[in-house]
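Trainee: Before I ask anything, here is the structure I am working with.
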Amino acid sequence: MAEQQTAAALTDQLKEFLKAFKDRDSNYKYFDRINNMMALGVPWLVVDYIDLDTHYPDLAKELTHKPDEYLGAFNEAVLFILREIHPDYEQEIGDKVGVRIGNYTVQKGLREINADLIDKLVSVSGMVVRSSEVKPLAKKVAYRCTSCAEVFDTQLKGLILKKPLKCPKCGEREFDMDPENSIFIDFQMVRLQELPEDLPAGQLPHYVEVTVMGDLVDQCRPGDRIILTGIVRIEQEQLAPQFKTSLFRLRMEGNNIEYLGGRAGNKDTRSVERIAISVEDERQIKAIAAKPDAYEKLIASFAPHIYGHEVIKEAILLLIVGSVSKKLEDGSTRRGDINVLLVGDPGTAKSEMLKFAAKIAPRGLYTSGRGTTAAGLTAAVIRDKSGIYMLEAGAVVLGDQGLVCIDEFDKIKPEDRSALHEVMEQQTCSVAKGGIVATLNARTSILSAANPMYGKYDPYKNITENVNLPVPLLTRFDLIFIVRDTPEKERDSLIASHILEIHRDVEHAAKPAIEIDLFSKHLAYAKQSAPTLTQEAIDIVRSYYMDMRKVESEGMITVTPRQLEGLVRLATARARLLLKDRVDAEDATRAIYLVDQMMRTAGVDVNTGKTDLGVLYGKPQSVVSKEKQFMEVFRGLAGTENNDVEDKVLVDELVKTGKFSNEEAKKYIQKFNREGQIFERRAGFWAKA
Ligand SMILES: [Zn+2]
């Protein structure tokens, strides 16, 4: 019995459903929502697909196959009900009314969108990687004939608007557009890309272009993870205005947008945990954490194929788990994310560690500082071939609420450098270009690796002279480690045998303490806990901080609250990793140990051999004291009248202090000249500026 339903009969049936449907608490769910549309000032209504499917399974099935017809009938039904209860509002919204389908269960993978689905309703999950500026789209364009003044119009078909050839009344070919009788709606293009976790290993992500209109415009931004419900459309590729090809491409026309895994302040959230942790997993995770050697085991499970580097592995684990971000009373937030930088010789397994971290971390992403897309690391505004401005998200936006591993950090583009300051402190990324102004979320931890400027790390130079990175960016890292390829015989043979063993017996040698799948789940699970800081831990961190300040107080650089926060973040991450309720003394002590390890390598001033936090700030104590000495000598020679100081005399006097070599003295003269503190008043003579 083929049901030949007329449009009117279908509308009646849907109207009946909307009016009569009661939820579990016996409320008229949809009638109430329609009744509220005017008060809320919205022209749309979300219909839960599961409600329809349980009451009218046939209708639900047909909706999938004939969405245009069914959504059209749904719109009519809503307007019909509105006409009965709020006729004025019905008049006001008319054309704009839209029924959206929520909780749609016909879900497809992004790579399953193909020609078989044309004009069908489907749901896909993905990440928004691009969004265009908002443009007015003509739904209907009206024309006025220049000779007889007849008004006639053309309707939009897909995205193509065909201009009429002649006036239907008199046949005239000249006519003007009549904006007053035309209908425009907001229009936006969005690109949805496969989620990294849905990506088959070694494959490039697929994407689909989505058009959204009316109220759906600006509902999602680059970096958002969404479930899009919409109709698959086909469109002829147009390479030039007058040149259509026989190539077609698929796009989706958005009907509804829901957010994956929650977005603050939005109720249309379908919370889907991407890493499913079963009850059995949870039991095993807790069992691991309860063992006395849990911490060592967890560290040993990180990149077991890489020999040594335990401290770095430990730091990376704490980074993956991270701390808890805090909302302060003044409304600002304190980041909970931990940032780590590895500086070292090429071939020291830095990249391997980054790749491993990206693989096991929830929402992990590996990228190069060179930038693989136009958007680079942060975000960019690009111009699409149709001329529309598009906002495209870079790695740190796509990695929102996750981990971004940036290899070749020293190769980042200058425009990314400045944007990264904002990302690493405020955890946002602002863009303002070509009519697009947006602030995107970039709440990510950053694990970076940088190569030394001259190929190999020079142990006789400080870190800031070894790596080509601006000091302000360096200070955004909680931990910096130097990974050196030191030719130590014993170590070499250990590494060699470790590698040989891996090749000999792949099964056993690289077998991690905790199996990788469970390890990954452990990290995801640990990320959900929020241990409280104990007074003990606070006291330990504070006294370390006070000691550091005391050492530093003679110089210009002092420990900033940023380091204090960094220690708290590390201690909290450790407690989380071990699934503890409280951040205790042990966690605080270990956090201090890690900072100490950094100070012993990256924080050593090679000029004095002492640890000095100033090294990481570009001005070690030794430089500060040399600068002081220089100015003292100079002032002594120039006197109160600011007399000219002869170059040769100045060099001699500086060398006499015992703090400068001949060469250094000359270097410092140039430095002070460059910084505008002294200038060459006449050839070979210096004066104070
Ligand atoms: Zn005419």
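The values are calculated or read from the model by the stated rules, or taken from the named source; none is laboratory data. The shown structure was predicted, so the numbers you read here are calculated from the model rather than taken from an experiment. All Cβ positions, glycine included, derive from the backbone under ideal geometry; neighbour counts span all protein chains shown. Ligands, DNA and RNA are stripped out before the accessible areas are found, and what is left, the full protein with its side chains, is counted by its heavy atoms. Shrake-Rupley method; radii C 1.70, N 1.55, O 1.52, S 1.80 Å.
Trainee: Using 0.36 nm per residue of separation minus the Cα-Cα distance, give me the extension gain between ASP547 and GLU62 in nm, one decimal.
Mentor: The span from ASP547 to GLU62 would gain 167.4 nm if fully extended.
Trainee: Something else about it: For the chain, what is the Kirkwood estimate of the hydrodynamic radius, computed as the reciprocal of the mean inverse distance between distinct Cα atoms, to one decimal in Å?
Mentor: After inverting the pairwise mean of 1/r, the radius is 30.1 Å.
Trainee: Out of the trypsin sites (Lys or Arg not before Pro) in segment 381-412, which ones are loop residues according to DSSP with at most 10 other C-beta atoms within 10 Å?
Mentor: Here the sparse-neighbourhood loop sites are LYS385.
Trainee: Set the Förster distance to 51 Å, then compute FRET efficiency between GLN91 and ASP539 from the Cβ-Cβ distance, nearest 0.05.
Mentor: After rounding, the FRET efficiency stands at 0.15.
Trainee: Expressed as an acute angle from 0 to 90° and rounded to the nearest 10, what is the orientation of the C-alpha long axis of helix 516-526 relative to the principal long axis of the chain?
Mentor: The two axes meet at around 90 degrees.
Trainee: What relative contact order, as a whole-number percentage, does the chain give when Cα pairs under 8 Å and 6 or more residues apart are counted?
Mentor: Relative contact order for the chain comes out at 9 percent.
Trainee: On C-alpha positions alone, give me the angle between the axis of helix 662-674 and the longest principal axis of the chain, in degrees, nearest 10.
Mentor: 40
Trainee: Let me ask something else. Which whole number of Å³ per residue matches the convex hull of the alpha-carbon atoms in segment 565-689?
Mentor: Cα-based convex hull of segment 565-689, divided per residue, equals 130 Å³.
Trainee: Using only the heavy atoms of the protein chains and a 1.4 Å probe, how would HIS86, HIS65 rank by accessible area, largest first?
Mentor: I get HIS65, HIS86, largest accessible area first.
Trainee: Suppose each label sits 7 Å from its Cα in the direction of the beta carbon; what would the ALA300-GLU172 distance come out to in nanometres?
Mentor: In this crude spin-label approximation the distance works out to 9.0 nm.
Trainee: Once you order the gyration tensor axes a ≥ b ≥ c over the Cα atoms, which shape class does segment 318-397 get: rounded for a/c under 1.5, otherwise prolate or oblate by comparing a/b with b/c?
Mentor: Note, shape of segment 318-397 comes out oblate.
Trainee: Using a 1.4 angstrom probe on the protein heavy atoms only, could you order TRP44, TRP686 from most to least accessible area?
Mentor: TRP44, TRP686
Trainee: With a cut-off of 8 Å between alpha carbons and a minimum separation of six or more residues, what is the relative contact order of segment 18-61 in percent?
Mentor: It comes to 21 percent, rounded to a whole number.
Trainee: Within straight cross-link reach of LYS135, meaning Cα distance under 18 Å, which lysines are found once same-chain residues fewer than 8 apart are removed?
Mentor: LYS96, LYS157, LYS385, LYS433
Trainee: Between GLN528 and ALA20, what length comes free when the chain is fully extended (0.36 nm per residue of separation minus the Cα-Cα distance, one decimal in nm)?
Mentor: Computed gain between GLN528 and ALA20 is 178.7 nm.
Trainee: Can you return the lysines within cross-link range of LYS359? Criterion is Cα-Cα under 20 Å, with same-chain partners fewer than 8 residues away left out.
Mentor: Output for LYS359: LYS297, LYS313, LYS350, LYS511, LYS521, LYS527.
Trainee: Report the full-extension gain for the segment LEU204 to ILE277: residue separation times 0.36 nm, less the Cα-Cα distance, to one decimal in nm.
Mentor: 23.6 nm
Trainee: Can you pull out the trypsin sites (Lys or Arg not before Pro) in segment 1-73 that DSSP calls coil and that have at most 14 other Cβ atoms within 10 Å?
Mentor: LYS22, ARG24
Trainee: Return the percentage of antiparallel bridges among DSSP beta bridges fully within the chain, rounded to the nearest 5 %.
Mentor: 70
Trainee: If you don't mind, another one. Between VAL471 and ARG682, what FRET efficiency comes out of the Förster formula 1/(1 + (r/R0)^6) with R0 = 35 Å and r the beta carbon distance, rounded to 0.05?
Mentor: 0.50
Trainee: With an 8 Å cut-off on Cα pairs and a minimum separation of 6 or more residues, tell me the relative contact order of segment 553-674 in percent.
Mentor: Result for segment 553-674 is 15 percent.
Trainee: Another one. Just grab the label-to-label distance for THR6 and SER418, each label 7 Å out from Cα along the Cβ direction, in nm (one decimal).
Mentor: Distance between the two pseudo-spin positions: 6.7 nm.
Trainee: For helix 535-552, what angle does its Cα long axis make with the longest principal axis of the chain, in degrees from 0 to 90 and rounded to 10?
Mentor: Tilt of helix 535-552: around 50 degrees.
Trainee: Check cross-link reach from LYS666 to the lysines: straight Cα distance under 29 Å, and skip same-chain residues fewer than eight apart.
Mentor: Of all the lysines, those that pass the test against LYS666 - Cα under 29 Å, at least 8 places apart if same chain - are LYS456, LYS461, LYS610, LYS619, LYS626, LYS628, LYS648, LYS656, LYS688.
Trainee: Enumerate by residue number the trypsin sites (Lys or Arg not before Pro) in segment 274-345 meeting two conditions: DSSP loop (anything except H, G, I, E, B), and at most 16 other Cβ atoms within 10 Å of the site's Cβ.
Mentor: ARG274
Trainee: If you don't mind, another one. For PHE481, what accessible surface area do you get with a 1.4 Å probe? Give it in Å², rounded to 10.
Mentor: 10
Trainee: Charges at C-beta only: +1 for Lys and Arg, -1 for Asp and Glu. How large is the resulting dipole of the chain about its Cα centre, in Debye rounded to 20?
Mentor: Roughly 1100 debye for the chain.
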